[in-house]
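Structure, as structure tokens:
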Amino acid sequence: MEPSICVIVPSFNCLEYLPQALDSIWAQSMKVKEVWVVDDGSSDGTAEWLQQQRLLHPVLHSLRLEKVGPSAARNAALQLCQSDWVAFLDADDTWYPDKLARQWAALSAHPDAAFCISNYLHIDEQRRPIIDCFSYWPEYGRQPWNSLSADQLFAENVVGTSTVLARTQALRQCGGFDESLRSASDWDLWLKLIRTGQCVVDPECQMDYLMRTGSMTRARLKRLMAVERIIDRHQANHSAGANDSARAVLARNYAEYYQEQELYAKACWHQCQALRLKFHFQGVRHLLAALKGGMLAVAKPTR
């Protein structure tokens, strides 16, 4: 028996990408019961386009909000959902045709699981492949794996929101997305969700994640501060090793941010902290690059 699945799609001025995202839902080999697109105050004609699409797709529903942010948008749709399972899809991402069917097959073998994720491919705006998520993280790229532990998820967040298929009841019991977090509320929710049941993994890529120019740079510092808050919130639930790994990743990301800002002393300090917590050869290279940048900045003649 196939599950009842609701797909939640938050969208803000994404009409350029939204049709392709929805097409990837309609093309699924496993059909869905309902699709909720939350138009978060778009000014690009999204509302009018959705009205037309609802005539073509009876399972499509839309909700208009006014710039509440993706967490609140997803939560609003989660309360309206009438299905047993929820899948999330961002408006600029696309699924592969067997994504839901493969995840349901994996979940059927683990009836107590709370959610399922899959690998995903980063692509640029010309839809050229960059790297898949699991290959980016060496711990996950070494061999196929079919489950994710709480410590693994805390150490390195490999969950792409648009890959998640989760029990509706479990999501609600966890309180949904924390709207007080300015960023990274998805990771916070997965850390709560994994304490309610197993996370099953499809190691194959089942989604394209669009890397839009400038989107990561604009949100970088906001996300880093949110991640630090989440680590503080969840650290007591995880091992010392997982805590060290999580804080090492955070320190490396802070270092990369400060190096981009040409604040080389801060970049070096954070790279040293990352290496102290968990040695990483790539971190050594980044530390040397920050030191070189700092020396060049000092040697640069002033007018």
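Points to keep in mind about this one:
- Summary value for segment 26-85: 43 percent relative contact order, contacts being C-alpha pairs under 8 angstrom separated by 6+ residues.
- If R0 is taken as 35 Å, the Cβ-Cβ distance between Ala105 and Arg212 corresponds to a FRET efficiency of 0.65.
- For Ala101, net neighbour charge (Lys/Arg +1, Asp/Glu -1) across residues whose Cβ lies under 14 Å away: -1
- Pairs of Cα atoms nearer than 8 Å and 6+ residues apart set the relative contact order; for the chain it is 17 percent.
- Mean residue ellipticity at 222 nm, helices only, the chain: -14500 deg cm²/dmol; runs of at least 4 DSSP H residues each add -39,500 (n - 2.57), and the sum is divided by the number of residues.
- Value of D in µm² per second that Stokes-Einstein yields for segment 1-60, Kirkwood Rh from Cα pairs, at 10 °C (1.306 mPa s): 131
- Ala170 sits among other residues whose Cβ lies under 14 Å from its own Cβ, and their net charge, with Lys and Arg +1 and Asp and Glu -1, is +2.
- Phi-based couplings in Hz for segment 225-236 (Karplus 6.51, -1.76, 1.60; Gly and Pro marked x): 5, 5, 4, 4, 5, 5, 4, 4, 5, 9, 4, 5
- Rounded to the nearest 10 degrees, the angle from helix 99-108 to the longest Cα principal axis of the chain is 90 degrees.
- √(5λ) per eigenvalue of the Cα gyration tensor, the chain, largest first, Å: 35, 23, 17
- Compactness of segment 64-222, taken as the C-alpha radius of gyration over 2.2 N^0.38 Å, stands at 1.01.
- 0 to 90° range, to nearest 10: angle between helix 70-80 axis and the chain longest Cα axis: 20
- Rounded to the nearest 5, the antiparallel percentage of DSSP beta bridges internal to segment 5-210 is 35%.
- The Cα atoms of segment 1-129 define a convex hull whose projected area, averaged across directions, is 8.3 nm².
- Charge sum, other residues only, whose C-beta stays under 11 Å from Thr161's C-beta, Lys/Arg counted +1 and Asp/Glu -1: -2
- Under 13 Å from Lys99, Cα to Cα: aspartates and glutamates that are on another chain or at least 8 residues apart: Asp202, Glu204, Asp208
- The listed peptides 154-166, 28-40, 61-73, ordered by packing as a protection proxy, come out as 154-166, 28-40, 61-73 (highest mean of other Cβ atoms within 10 Å first).
None of the figures in this text is laboratory data; all of them are computed from the coordinates on show. Predicted, not measured: the structure shown is a model, and the values here were computed from it. Ideal geometry is used to build each Cβ from the backbone, glycine not excepted, and the neighbour counts take in all protein chains shown.
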